[in-house]
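Just below is one structure, and these are the notes that go with it.
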Amino acid sequence: MEAVEGAFGCEIDYALLIKVYSASQDEVRYSPAECIGCETKKIMGRPESKHISTSFVERQNLTMRMSMRRFTRLTNGFSKKVENHAYAVAIHYMHYNFCRIHKTLRVTPAMEAGITDHVLTIEEMLSKIGL
């Protein structure tokens, strides 16, 4: 809760969705356990129950795993240094938000948010992050 409050202040609606999984009887490698229920827990503010979901963060995690092979199991694309891993994540999100036009938005997320007025080129992105 402190991280959420530190990032967004106390004027935020914040809740948790806790998924309950069954204990798997037969171990099948890489198969997820069956979700047998969900519990919501309101942490601060007045979050609306219909908006408490993990869909957005799960989609974001999938996009990151598919875009950066270092997040995929059983690959040799891992980072040997944590600093290199952090740089790779930062470059991914910079490109995702400033350089890539999204199909549903038809602009970059940074343009949609009013942070920039144009699509950054790779050269512009690299110059902004000091490379």
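Any read-out appearing in this document is the output of simple, stated calculations on the displayed coordinates, not a laboratory observation. Note that the structure is predicted; figures quoted are calculated from it, not measured. FYI the Cβ positions are ideal-geometry reconstructions off the backbone, even for glycines, and counts take in every protein chain you see.
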Using just the C-alpha positions of region 59-131 as equal point scatterers, what log10 of I(q)/I(0) does the Debye formula give at each q in 0.13, 0.22, 0.27 1/Å?
-0.44, -1.03, -1.23
So for the chain, if I pair up every lysine 8 or more residues apart or on another chain, how many of those pairs have alpha-carbons under 27 Å apart?
9
Whole-percent pair-distance distribution, where bins are 5 Å wide, for the alpha carbons of the chain:
2, 8, 11, 13, 15, 17, 17, 10, 5, 2, 0
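Using helices alone, what [θ] at 222 nm do you get for the chain, with -39,500 (n - 2.57) per DSSP H run of 4 or more residues, divided over all residues and rounded to the nearest 500? Don't skip to the answer; put the middle values down first.
Details: 5 runs with 44 residues, N = 131.
It comes out at -9500 deg cm²/dmol, rounded to the nearest 500.
Could you tell me which chymotrypsin sites (Phe, Trp or Tyr not before Pro) in region 59-127 are loop residues by DSSP with no more than 16 other beta carbons within 10 angstrom of their beta carbon? List each step's numbers first, then the result.
Working: sites: Phe71, Phe78, Tyr87, Tyr93, Tyr96, Phe98; in loops: Phe78.
Passing both the DSSP loop test and the Cβ count: Phe78.
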Ordered by residue, what ³J(HN,Hα) values in Hz, to whole numbers, does region 10-16 give under the Karplus form 6.51 cos²θ - 1.76 cosθ + 1.60, where θ = phi - 60° and Gly and Pro are x?
8, 8, 9, 9, 9, 9, 10
